[in-house]
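Worksheet: the structure to be examined is printed underneath.
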């Protein structure tokens, strides 16, 4: 049986098992056993439900039925992780990708899904084979993964914070053109009829962030 660890964090180990991705929530020795199992079970079920809801709206992995209380199994999405590959594309293609990211965020926000960790590390670009300068083709898709910090909320504040996290991620990881790229995200996000309220709240969230820095 083929098995390869892809990522190991404080909360979970993510590994490839044959053709499936498995997210295994780690046992915490400092917690009482019963409490630890209860927390891991609740978080695993909550993330699975979010994924099931999201994959009907956007490109996201559709989880398989739970076999173990602490493990989510999902299809392996073959593609390019945007955190490692976005900068390799032409600026026009980067802008086009970011516009689609904005449109996809608008779709999940309309369904009151907050991702909670919107970074290009949690986005996979599945493309038709073509040169890097080629613009997106109709069958190209951007998959959103890892809804482990996600939740359901109707609050404008939560949706604004979701966007703010992505803005910070672009600035940190793709600093060369991050402002242009985030503008493209917002252009796509404006497809959401509540976007004006959320973008107004985003300004307030950013002001709070700048105040804390000083």
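The values are calculated or read from the model by the stated rules, or taken from the named source; none is laboratory data. This one's a predicted model, so the numbers in the text were calculated from it and none came from an experiment. Positions of Cβ are generated from backbone atoms using ideal geometry, with glycine treated the same way; all protein chains shown enter the neighbour counts.
Looking at this structure, is residue 116 part of a helix (DSSP H, G or I) and either at pLDDT below 95 or closer than 21 Å to residue 186 by Cα (or both)?
Considered against the rule, which asks whether it is part of a helix (DSSP H, G or I) and either at pLDDT below 95 or closer than 21 Å to residue 186 by Cα (or both), residue 116 comes out as no.
Of all the listed residues (154, 159), the sole one being under 23 Å from residue 200 (Cα atoms), at pLDDT 95 or above and under 16 Å from the mean Cα position of the chain (by Cα) is 159.
Put simply, of 88, 92, 96, 73 the only residue that is more than 16 Å from the chain's Cα centre (by Cα) and within 21 Å of residue 22 (Cα to Cα) is 73.
On the given criteria, is residue 33 surrounded by 14 or more Cβ atoms within 10 Å (Cβ to Cβ), at pLDDT below 95 and out of contact with any strand residue (DSSP E or B) (no Cβ under 9 Å at 6 or more places or on another chain)? First the steps, then the outcome.
Numbers: surrounded by 14 or more Cβ atoms within 10 Å (Cβ to Cβ): no; at pLDDT below 95: yes; out of contact with any strand residue (DSSP E or B) (no Cβ under 9 Å at 6 or more places or on another chain): yes.
So residue 33 fails the test.
Residue 49 passes every criterion in (1) without any contact (Cβ under 8 Å) to a residue 12 or more places away in the chain; (2) under 24 Å from residue 160 (Cβ atoms); (3) assigned by TED's automatic domain parsing to the domain that holds residue 193 apart from (3). Only a single item in (1) assigned to a strand (DSSP E or B); (2) modelled with pLDDT under 95 is not met by residue 28, and it is number (1).
Here's the yes/no breakdown for (1) more than 30 Å from residue 45 (Cβ to Cβ); (2) part of a loop (DSSP other than H, G, I, E, B):
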| position | (1), (2) |
| --- | --- |
| 154 | no, yes |
| 158 | no, no |
| 163 | no, no |
| 169 | no, no |
| 175 | yes, yes |
| 188 | yes, no |
| 192 | no, yes |
| 200 | yes, no |
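Out of curiosity, is residue 38 assigned to a loop (DSSP other than H, G, I, E, B), free of Cβ contacts under 8 Å to residues at least 24 places away in the same chain and more than 22 Å from residue 183 (Cα to Cα)? Judged against the criteria, residue 38 is not a match. Taking the conditions (1) touching a helix residue (DSSP H, G or I) at 6+ places or on another chain (Cβ under 8 Å); (2) at pLDDT 95 or above in turn, residue 89 satisfies each one other than (2).
With respect to the conditions (1) in a loop (DSSP other than H, G, I, E, B); (2) in contact with a helix residue (DSSP H, G or I) (Cβ under 6 Å, 6 or more places away or on another chain); (3) in contact (Cβ under 8 Å) with a residue 40 or more places away in the chain, residue 98 lacks only one, and its number is (1). It is to be established whether one or more residues within the stretch 89-97 are assigned by TED's automatic domain parsing to the domain that holds residue 181 and in contact with a strand residue (DSSP E or B) (Cβ under 7 Å, 6 or more places away or on another chain). The answer is yes, given that some residue of the stretch 89-97 is assigned by TED's automatic domain parsing to the domain that holds residue 181 and in contact with a strand residue (DSSP E or B) (Cβ under 7 Å, 6 or more places away or on another chain).
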